[in-house]
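Each reported figure results from applying straightforward, stated rules to the coordinates on display, with no laboratory input. All figures in this text were calculated on a predicted structure; none of them were measured in a lab. Note that each Cβ is placed from the backbone with ideal geometry, even for glycine, and that neighbours are counted across all protein chains shown.
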Amino acid sequence: MAADKQFLNPRLWVETHAEYLYGYTLSRLNDEELAKDLVQETFLAALRSAGKFEGKSSERTWLTAILKNKIVDVYRKKSSGLKNTDVKQAEEEQENFFDEDNGHWNKAYQPKPFGIEDHDPLAGKEFNSILQKCMQKLPALWMAVFTMKHIDDATADMICSELKVTQANFWVIIHRAKLNLRACLQKNWV
């Protein structure tokens with residue numbers, strides 16, 4: 001089993017992992033300078049805690065875990081001080097969107113097709129670019145919750161714990177973020 005143990009090679013980190021870590025960060029924060037800074041901070045933190053590396057995972061997995069914590073810290077910092085969404089107010093705001101009997105969209109608010117069903121790679125790049133721009137328009141807390149849930153596949157419990165929001169508030173934020181993204185995509189993409 002000792003032969004399976006991974007060892008660190010910090011001299012090769014930039015060459016081997018910087019581009020991957022930068023892309024990973026950029027896809028979650030959409031801020032080039034901040035992404036560069038977080039990758040550098042990740043390497044520094046990894047150097048400081050190299051003695052704690054047990055070799056049970058690859059360098060990249062270990063560095064990505066450190067980076068994930070740094071990204072969550074950014075989400076936390078951006079969302080701190082933001083007022084938690086009032087659940088009752090949110091429920092009232094969304095009453096018109098769905099049919100009370102069956103939970104389906106009311107005709108006036110029904111999503112329109114986005115036209116990306118043909119899997120054109122160029123259209124996919126354009127769509128992703130517009131989606132990133134739409135996500136930047138979300139309040140910081142909403143973007144953090146949406147990104148953690150739908151890009152990082154984090155559990156609701158973990159997101160609530162990390163960002164200090166209640167379960168009810170979490171679901172309201174997810175719902176509002178989706179409605180806002182849908183409206184933005186329909187305006188800018190369809």
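Take the cross-link list 70/164; 36/68; 78/133; 107/149; 77/149 and give me the ones stretching past 21 Å between alpha-carbons.
Check vs 21 Å cut-off fails for 107/149.
For the stretch 59-74, 3J(HN,Hα) computed residue by residue from phi via the Karplus equation (6.51, -1.76, 1.60; θ = phi - 60°) reads 4, 4, 4, 5, 5, 5, 4, 4, 4, 4, 5, 5, 5, 4, 4, 5 Hz, glycine and proline entered as x. Applying the Karplus relation 6.51 cos²θ - 1.76 cosθ + 1.60 with θ = phi - 60° to the stretch 26-34 yields 3J(HN,Hα) values of 4, 5, 9, 10, 6, 9, 4, 5, 5 Hz, where x marks Gly and Pro.
Taking the Cα centre of the stretch 2-79 as origin and charging only Cβ (+1 Lys, Arg; -1 Asp, Glu), how large is the dipole, in debye to the nearest 20?
My answer is approximately 340 debye.
A dipole drawn for the stretch 2-79 from +1 and -1 charges on Cβ atoms has a positive end, and of 7, 51, 27 the residue lying farthest that way is 51.
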